[in-house]
Amino acid sequence: MITNDYIEEMATFSRWQNDSVYQCCEQIGPKERAMDRGMFFGSIHNTLDHICVVNRSILTFLDGTLPERNPPGQAVWPDWDELKSIRLEQDGLFSAGAREWTESWLARKITKRDPQGDDLPAIPRWVMVVQVFQHQTHHRSQVTSALHSLGIDYGSTDIPWRPGAGYFAG
């Protein structure tokens, strides 16, 4: 079982990493963000869009409803400014979750019937919260790899060294 401290740390870490990645992506411009780089979702933009789509799906699932299905390979937020806005909103929701999600709420299993497919398994909410942060990290690493190939330094990705962490205060 995870704690609110874990959620707070991961939400803060994810916001820091998202800020770093999006700032780097601002530098490269729309043409470079849209270029197919052979990544699983093709482009940097589509990969960042995918992260937000899955975030939305998991947040919806945590609230007890089935997430919206999206056509594969199609960006939900093709506009860069809208995607940035969605990402900031989602970062805020995860930070709020660190304050609001109780231990009993996190432990409760979610069971949903899927009218379009197989019934979904019962999953504790805390597992899905861990998944959302793991998923973001996985796909951000694909983006940082693409940025690295463009010669862009995206900075540290280590949790203990995030700004404001205070782990190494003297």
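The values are calculated or read from the model by the stated rules, or taken from the named source; none is laboratory data. Since this is a predicted model, take the numbers as computed values, not measurements. Positions of Cβ are backbone-derived with ideal geometry, glycine not excepted, and every protein chain shown enters the neighbour counts.
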Residues that are free of Cβ contacts under 8 Å to residues at least 24 places away in the same chain, part of a helix (DSSP H, G or I) and surrounded by 14 or more Cβ atoms within 10 Å (Cβ to Cβ), drawn from segment 51-72: Val53, Ser57
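If the requirement is being under 29 Å from Gly166 (Cα atoms) and surrounded by fewer than 19 Cβ atoms within 10 Å (Cβ to Cβ), which of these qualifies: Met1, Met10?
Values: Met10 fails: surrounded by fewer than 19 Cβ atoms within 10 Å (Cβ to Cβ).
Only one candidate qualifies: Met1.
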Residues being under 15 Å from Asp81 (Cβ atoms) and outside any helix (DSSP H, G or I) - total across segment 1-43: 0
Residue, modelled with the lowest pLDDT, within segment 122-149, restricted to residues that are surrounded by 13 or more Cβ atoms within 10 Å (Cβ to Cβ) and outside any helix (DSSP H, G or I): Ile123
Residue satisfying all of: in segment 28-42; among the small types (Gly, Ala, Ser) and closer than 17 Å to His138 by Cβ; surrounded by the fewest Cβ atoms within 10 Å (Cβ to Cβ) among these: Gly38
Residue identified as more than 30 Å from Leu106 (Cβ to Cβ), out of contact with any Asp or Glu (no Cβ under 6 Å at 6 or more places or on another chain) and not aromatic (Phe, Trp, Tyr) among Arg56, Arg33: Arg33
Boolean, Asn46 is surrounded by 16 or more Cβ atoms within 10 Å (Cβ to Cβ), in contact (Cβ under 8 Å) with a residue 40 or more places away in the chain and outside any loop (DSSP other than H, G, I, E, B): no
